[in-house]
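Take a look at the structure set out below.
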Amino acid sequence: MKKGKKILAAMMIMALAFAVVGCGKKDDDKNNQDSSSGASATAFENMKTTTLDGEKVDSKIFAKNKVTVVNVWSVTCPPCIRELPHLNKVSEKMKSKGIGVIGVVNETGRDTSDGPVNQAKDILKKAKAEYTQLKMSDDMLNSKEISTISYLPTTFIVDSKGKVLTQKVGATYEKGWEDEINKALKKV
């Protein structure tokens, strides 16, 4: 009986870890850690894409802010969806300090139908997440930063030129994002 309880406890811990951290995207595990390398991020420095409503956007969007939180999320990832209201609060609370928040919907890259966009819009409406949401462009999908993502959500904090200051894998809450942003601000 003790062995059964241990197995059950281990399964519960694994399920909880999955629910808190994020959703797997690929089989490799190269990107399942925080990174503060500051490596150039061509996905964002040379970004050209559109919003979910089709408005053209490029890397100049980052020039408005000291730093921008770029959250890559999935419409099929419960931790991603639970994180949306927290990111919205960060966006509202820190906008006056020169902090931006942008979402990038993972499914909008390869799937060119309206399905993922409409699904994302429905999720965003329910989550009351009103910050800018972008489609994943082919250039972004093929970039080192995006193509090596193993788990979602994965979030990049970038400077005013789109250079990555910090990369974080997994979801967090409002206070956690404020702490990450304050660390990143020390690098600009």
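Worth pointing out:
- With all protein chains modelled, accessible area of Leu141 [1.4 Å, Å²]: 20
- Restricting the stretch 93-141 to trypsin sites (Lys or Arg not before Pro) in coil, as DSSP defines it, with at most 16 other Cβ within 10 Å: Arg110, Lys128
- Protein heavy-atom surface of the stretch 63-126, 1.4 angstrom probe: 51% of the accessible area is carbon and sulfur, with nucleic acids and ligands not counted.
- For Thr49, net neighbour charge (Lys/Arg +1, Asp/Glu -1) across residues whose Cβ lies under 11 Å away: -1
- Our analysis of the stretch 63-188 gives Rg over Rh at 0.94, with the two radii drawn from alpha carbon positions and Rh computed by the Kirkwood formula.
- Of the GluC sites (Glu not before Pro) in the stretch 115-188, the ones in a loop by DSSP (not H, G, I, E or B) with at most 14 other beta carbons within 10 Å are Glu130.
- DSSP-defined beta bridges in the stretch 44-186 - what % are antiparallel, rounded to 5: 60
- Karplus (6.51, -1.76, 1.60) ³J(HN,Hα), θ = phi - 60°, over the stretch 68-84, in Hz, Gly and Pro reported as x: 10, 8, 10, 9, 8, 9, 10, 6, 9, 10, x, x, 4, 5, 5, 7, 3
- Of Lys56/Lys183; Lys66/Lys175; Lys126/Lys187; Lys161/Lys183; Lys126/Lys186; Lys126/Lys161, those spanning more than 29 Å from alpha-carbon to alpha-carbon: Lys56/Lys183; Lys126/Lys187; Lys126/Lys186; Lys126/Lys161
- Calculated accessible area for the stretch 143-188 comes out at 41 Å² per residue, all protein chains present (probe 1.4 Å; ligands, DNA, RNA ignored).
- Rounded to whole numbers, the Karplus 3J(HN,Hα) couplings from phi for the stretch 91-101 are 4, 5, 6, 10, 4, 5, 9, x, 10, x, 10 Hz, using 6.51 cos²θ - 1.76 cosθ + 1.60 with θ = phi - 60°, and x at Gly and Pro.
- Our coupling estimate for the stretch 117-131, obtained by passing each phi through the Karplus curve with A = 6.51, B = -1.76, C = 1.60 and θ = phi - 60°, is 5, 5, 4, 4, 4, 5, 4, 4, 5, 5, 7, 6, 9, 10, 6 Hz, Gly and Pro reported as x.
The values are calculated or read from the model by the stated rules, or taken from the named source; none is laboratory data. All figures in this text were calculated on a predicted structure; none of them were measured in a lab. Note: ideal-geometry Cβ built from the backbone for every residue, glycine included; neighbour counts use all protein chains shown. These accessible areas exclude ligands, DNA and RNA; they are computed on the full protein's heavy atoms, side chains included. Shrake-Rupley method; radii C 1.70, N 1.55, O 1.52, S 1.80 Å.
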